[in-house]
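Student: Quick one: this structure, given as structure tokens, is what I'll be asking you about.
The values are calculated or read from the model by the stated rules, or taken from the named source; none is laboratory data. Fair warning: this is a prediction, and the values are worked out from it, not measured in the lab. Methodologically, a virtual Cβ is constructed for each residue, glycine included, from the backbone with ideal geometry; neighbour enumeration extends over all protein chains shown. These area figures cover heavy atoms from the full protein model, side chains too; ligands, DNA and RNA do not enter into them. Shrake-Rupley method; radii C 1.70, N 1.55, O 1.52, S 1.80 Å.
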Amino acid sequence: MSTDSRAAKALLARARTLHLQTGNLLNWGRLRKKCPSTHSEELRDCIQKTLNEWSSQINPDLVREFPDVLECTVSHAAEKINPDEREEMKVSAKLFIVGSNSSSSTRSAVDMACSVLGVAQLDSVIIASPPIEDGVNLSLEHLQPYWEELENLVQSKKIVAIGTSDLDKTQLEQLYQWAQVKPNSNQVNLASCCVMPPDLTAFAKQFDIQLLTHNDPKELLSEASFQEALQESIPDIQAHEWVPLWLLRYSVIVKSRGIIKSKGYILQAKRRGS
């Protein structure tokens, strides 16, 4: 095992929380895989390379301190938005709840995204459907705790607009009627329906909800795939002890030109029992 891996292994053995952030993937240069075939492949590649870069640059002082929270980053790719250019940018995010039933994950993800990007507010946050047991249909009750936290973030001006993903007409209508802050968008996966369902289209038009398309898999990051990436990057680690709680993917777009200025991933994982 290399010295880098030994230091990373020692830190991960003592830490309770891991914050992993890729920085701006457009700044990755040689690190970036040219053409990942799927979002899942891109994400796994990003996790492994971020871990590799971080472990190769561990400060010896950090090993002596053994912090509870590890900040795992690609330092040369970190990029905050210039405050003078903020009005020209649209900052959007999609939040995937992975292994946590805690709605507080929503707030910690948004807070961390604002901190990473150096902004006070995100323009748009879409929440992917939270994980549910096999054979169980997504209901309003599953969404409510997360939506209430998003509403609080809108009211505290951390987010401008909030949206949903993969809700059918009935689910979207139930959420709309219950919610204080209404969804302004709903993403539809075109892999599951080549044409927008007419009832969903009619409802969205009536209540001014934007229908967007996406091609994310049903499970972008599983507990097992995260643990495999961890194991491959840092051999001999007790990877099964680590559980990803949430994943946030962000993009920064220049409004006037429609080009992507920055995009990346932020992830939080916890050690079991901590």
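Student: Quick check on the stretch 7-38: of everything there that is under 27 Å from Gly99 (Cα atoms), out of contact with any helix residue (DSSP H, G or I) (no Cβ under 7 Å at 6 or more places or on another chain) and modelled with pLDDT under 85, which residue is surrounded by the fewest Cβ atoms within 10 Å (Cβ to Cβ)?
Tutor: Once the filter is applied, the top-ranked residue is Ser37.
Student: Could I ask something else about it? Go through Glu53, Glu42 for me and flag whichever is surrounded by 15 or more Cβ atoms within 10 Å (Cβ to Cβ), part of a helix (DSSP H, G or I), under 21 Å from the mean Cα position of the chain (by Cα) and at pLDDT below 90.
Tutor: Checking each option against the conditions leaves just Glu42.
Student: So, one more: Being assigned to a loop (DSSP other than H, G, I, E, B) and under 16 Å from Cys72 (Cα atoms) is the filter; apply it to the stretch 230-244 and report the residue that is modelled with the lowest pLDDT. Even if it seems obvious, please write down each step before you answer.
Tutor: Taking the stretch 230-244 first, the residues assigned to a loop (DSSP other than H, G, I, E, B) are 234-238.
Filter again for under 16 Å from Cys72 (Cα atoms), leaving 234, 237.
On the way: Ile234: 91, Ile237: 88.
Checking each candidate, the answer is Ile237.
Student: For Ser222, indicate whether it is touching a residue at least 40 places away in the same chain (Cβ under 8 Å), closer than 29 Å to Arg16 by Cβ and open to solvent by less than 50 Å² (accessible area, probe 1.4 Å).
Tutor: Taking the combined requirement at face value, the residue satisfies it.
Student: Follow-up. Please work out which residue is surrounded by the most Cβ atoms within 10 Å (Cβ to Cβ), limiting yourself to the stretch 96-123 and to residues that are of a type outside the set (A, V, I, L, M) and in a loop (DSSP other than H, G, I, E, B).
Tutor: First, the residues of the stretch 96-123 that are of a type outside the set (A, V, I, L, M): 96, 99-108, 111, 114-115, 118, 121, 123.
The next check asks that each one be in a loop (DSSP other than H, G, I, E, B); those that pass are 99-103, 118, 121.
On the way: Gly99: 20, Ser100: 18, Asn101: 12, Ser102: 15, Ser103: 17, Gly118: 13, Gln121: 15.
Among those residues, the one meeting the criterion is Gly99.
Student: While we're on this one: Within the set of pairs 6 or more residues apart or between chains, which connect a residue that is free of Cβ contacts under 8 Å to residues at least 40 places away in the same chain inside the stretch 108-121 to a residue that is assigned to a helix (DSSP H, G or I) and not hydrophobic (A, V, I, L, M, F, W, C) with Cβ atoms less than 8 Å apart?
Tutor: That search, which allows pairs on different chains as well, returns Gly118/Pro83; Val119/Arg86.
Student: Further question: Do you know which residues across the stretch 182-201 are closer than 12 Å to Asn215 by Cβ, among the aliphatic types (A, V, I, L, M) and more than 19 Å from the chain's Cα centre (by Cα)?
Tutor: Listed by number, the residues that qualify are Leu190, Ala191.
Student: Now for a separate question. Look through Lys261, Lys205 and report the one residue that is farther than 15 Å from His39 by Cβ and assigned to a strand (DSSP E or B).
Tutor: Details: Lys205 fails: assigned to a strand (DSSP E or B).
From the options Lys261, Lys205, the qualifying one is Lys261.
Student: Something else about it: Which residue is farthest from the chain's Cα centre (by Cα), if the candidates are limited to the stretch 8-28 and must be hydrophobic (A, V, I, L, M, F, W, C) and outside any helix (DSSP H, G or I)?
Tutor: Step by step, filter the stretch 8-28, then rank; the result is Ala15.
Student: Given the residues Ala239, Ala269, Ala179, which is the only one that is open to solvent by less than 20 Å² (accessible area, probe 1.4 Å), touching a His at 6+ places or on another chain (Cβ under 9 Å) and more than 16 Å from Ala93 (Cα to Cα)?
Tutor: Ala269
Student: Filtering the stretch 133-172 down to residues that are charged (D, E, K, R) and open to solvent by less than 50 Å² (accessible area, probe 1.4 Å), which residue is nearest to Glu219 (Cα to Cα)? Even if it seems obvious, please write down each step before you answer.
Tutor: Initial filter on the stretch 133-172 (charged (D, E, K, R)): 133-134, 141, 148-149, 151, 157-158, 166, 168-169.
This time we only want the ones that are open to solvent by less than 50 Å² (accessible area, probe 1.4 Å), so: 149, 151.
Numbers: Glu149: 22, Glu151: 25 Å.
Selected residue: Glu149.
Student: Sticking with this structure for a sec: Among the residues of the stretch 182-208, which ones are surrounded by 14 or more Cβ atoms within 10 Å (Cβ to Cβ) and charged (D, E, K, R)?
Tutor: Once the filter is applied, which keeps residues that are surrounded by 14 or more Cβ atoms within 10 Å (Cβ to Cβ) and charged (D, E, K, R), the stretch 182-208 yields only Lys182.
Student: What pairs come up if the first residue lies in the stretch 65-78 and is more than 15 Å from Leu51 (Cα to Cα) and among the aromatic types (Phe, Trp, Tyr), the second is open to solvent by less than 40 Å² (accessible area, probe 1.4 Å) and modelled with pLDDT of 85 or more, and their beta carbons are under 7 Å apart, counting only those six or more places apart or on different chains?
Tutor: Close Cβ pairs (under 7 Å, with a partner that is open to solvent by less than 40 Å² (accessible area, probe 1.4 Å) and modelled with pLDDT of 85 or more) amount to Phe66/Leu11.
Student: Between a first residue in the stretch 231-242 that is in contact (Cβ under 8 Å) with a residue 24 or more places away in the chain and a second residue that is basic (Lys, Arg), which pairs have beta carbons less than 7 Å apart while being 6 or more apart in sequence or on different chains?
Tutor: That search, which allows pairs on different chains as well, returns Ile234/Lys9; Asp236/Lys9; Ile237/Lys9; Glu241/Arg271; Glu241/Arg272; Trp242/Arg271.
Student: Of everything in the stretch 64-87, what is in a helix (DSSP H, G or I) and either surrounded by 15 or more Cβ atoms within 10 Å (Cβ to Cβ) or basic (Lys, Arg) (or both)? Give them in sequence order. If you could, list the steps in order and put the result at the bottom.
Tutor: Here is the first cut: in the stretch 64-87, the residues in a helix (DSSP H, G or I) are 64-65, 75-77, 83-87.
Selection gives Arg64, Ala77, Arg86.
Student: Go through the residues of the stretch 152-163 one by one and say whether even a single one is assigned to a helix (DSSP H, G or I), without any contact (Cβ under 8 Å) to a residue 12 or more places away in the chain and touching a strand residue (DSSP E or B) at 6+ places or on another chain (Cβ under 9 Å).
Tutor: Checked the stretch 152-163: no residue is assigned to a helix (DSSP H, G or I), without any contact (Cβ under 8 Å) to a residue 12 or more places away in the chain and touching a strand residue (DSSP E or B) at 6+ places or on another chain (Cβ under 9 Å).
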